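Beneath this line is the structure, given in structure tokens, with notes to follow.
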Amino acid sequence: METPKTLQEAIQYFADFENCRQFMIAIRWLDGKVRCPECRSEKVTYLEKARLYKCYGKHSRAKFSLKVGTVFEDSPIPLEKWLPAVWMLVNDKNGISSYELHRALGITQKTAWFMLHRIRLGMSMKHKHPTFGPSKLGDGGKGNGAVEVDETFIGGKLKNMHKDRRARFAAESGHAGGATGKAIVQGILDREARQVRAKVVPNVKRETLQNEVLENVKYGTTVYTDDAVPYDKLHWRYVHEVVNHAEEYVRGQVHTNGLENFWSLLKRGLKGTYVAVEPFHLDRYIDEQVFRYNNRATKGNPLNDADRFALAISQVVGKRLTYDELTGKTGERPL
């Protein structure tokens, strides 16, 4: 069978470990030569029965698997299950819950939850997508592009909270407004590149929101925002256009509807698929949606499911997430 193009083909293809092995080699080492992750030596032998490689260099970790050096490292789950799990997460528009994955792969829900977070780490692009690399968004004022900037609040509604929790949030913030107790997410959308960057920010102060714009958008770019006060000084560095949502949502090209579309996709997944997301983990769920949004099929970017899957797998190398890190227990000593 050729490289799979659909989920059914992927499940059948990766059910054979040899296919998994050859696929991982092709993704990790473009020249097809397996190298020891410890000493980078090419002098290695494949131990077929153990499904391991043995390095002849002089170091303690002579044997290694293809999962070493990736987000899959130290996992007893075989590649035959890891690879279909990656395929499902990167190609399901609204994400996939740990309970769905647990039923689909025949693993525990806790294991599925851990797997999904590790895959999300692999999907994290951290502003290094091939379209714009590590550079800033925008066109630098060349006149053929623009950037939208907006923020949204994610969390439960106050009216649905227990009165004690509602009172605690109100006491901490000094008011009982609709944003009380919610996480704040800021997004920046490059209309020309059709790429978005988003992250959790601690507050909506001018310094916080404008610093994100300064770090991610080229000086001189046309920037569209709403009339929020924190953006009122952007005209010092950018061509700043504002839409007042109390009066209108669109004025010609001046709007933030592109980001509103992204927010709707993000919240649909959070509310409909994941239901309850802790703020501690929210950044990874945002990275998941950013990956799918930036690699969606468009007229200028005709990616398919297989392309998104291959891109996600190519990003799992050099990343690691332990269970202690995931649960915030790093550094704790056992009693």
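Within the range 5-20, the set of residues being buried (at least 18 other Cβ atoms within 10 Å of the Cβ), free of Cβ contacts under 8 Å to residues at least 24 places away in the same chain and over 30 Å from S60 (Cα atoms) comprises Y13 only.
The lone criterion from (1) at pLDDT 95 or above; (2) of a type outside the set (A, V, I, L, M, F, W, C); (3) in the same structural domain as N203 (by TED's automatic domain parsing) left unmet by Y285 is number (3). Among the residues here, F291 does not qualify as over 16 Å from V185 (Cβ atoms), touching a residue at least 40 places away in the same chain (Cβ under 8 Å) and in contact with a helix residue (DSSP H, G or I) (Cβ under 7 Å, 6 or more places away or on another chain). Within the range 21-71, being loosely packed, with under 11 Cβ neighbours inside 10 Å and acidic (D, E) holds for D31, E48.
Among the residues of the range 27-73, the ones that are farther than 22 Å from L121 by Cβ and among the aliphatic types (A, V, I, L, M) come to 7 in all.
Each residue in the range 103-128 was checked for being under 20 Å from E278 (Cα atoms) and free of Cβ contacts under 8 Å to residues at least 60 places away in the same chain, and 7 of them qualify. Filter the range 72-115 down to the residues that are of a type in the set (A, V, I, L, M) and out of contact with any helix residue (DSSP H, G or I) (no Cβ under 6 Å at 6 or more places or on another chain), then identify the one that is surrounded by the fewest Cβ atoms within 10 Å (Cβ to Cβ). Per the stated criteria, the residue is A104.
Condition check ((1) touching an Asp or Glu at 6+ places or on another chain (Cβ under 7 Å); (2) at pLDDT below 95) across all residues:
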| position | (1), (2) |
| --- | --- |
| F14 | yes, no |
| R21 | no, no |
| A26 | no, yes |
| P37 | no, yes |
| E42 | no, yes |
| T45 | no, no |
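If the condition is being outside any helix (DSSP H, G or I) and either among the aromatic types (F, W, Y) or closer than 20 Å to V290 by Cα (or both), then the range 226-267 contributes Y238, Y249, T256. Taken over the range 54-100, the criterion of being among the hydrophobic types (A, V, I, L, M, F, W, C) and assigned to a loop (DSSP other than H, G, I, E, B) is satisfied by A62, L66, V68, V71, F72, I77, I96.
Of the numbered conditions (1) at pLDDT below 70; (2) surrounded by 13 or more Cβ atoms within 10 Å (Cβ to Cβ); (3) not aliphatic (A, V, I, L, M), G178 satisfies every one except a single condition; which is it? With respect to (1) at pLDDT below 70; (2) surrounded by 13 or more Cβ atoms within 10 Å (Cβ to Cβ); (3) not aliphatic (A, V, I, L, M), G178 is out only on (2).
Does any residue of the range 76-89 turn out to be over 28 Å from N304 (Cβ atoms) and not aliphatic (A, V, I, L, M)? Within the range 76-89, one or more residues are over 28 Å from N304 (Cβ atoms) and not aliphatic (A, V, I, L, M).
Q8 satisfies every condition listed in (1) touching a helix residue (DSSP H, G or I) at 6+ places or on another chain (Cβ under 6 Å); (2) assigned to a helix (DSSP H, G or I); (3) not charged (D, E, K, R) except (1). Restricting the range 92-117 to residues that are over 16 Å from R284 (Cα atoms) and among the polar types (S, T, N, Q), the residue that is nearest to the chain's Cα centre (by Cα) is T111.
Residue count for the range 101-152 satisfying the condition of being charged (D, E, K, R) and either at pLDDT 95 or above or not in a loop (DSSP other than H, G, I, E, B) (or both): 7.
The values are calculated or read from the model by the stated rules, or taken from the named source; none is laboratory data. Not measured: the values here are computed from a predicted model. Every residue, glycine as well, gets a Cβ built from its backbone with ideal geometry; the counts of neighbours run over all protein chains shown.
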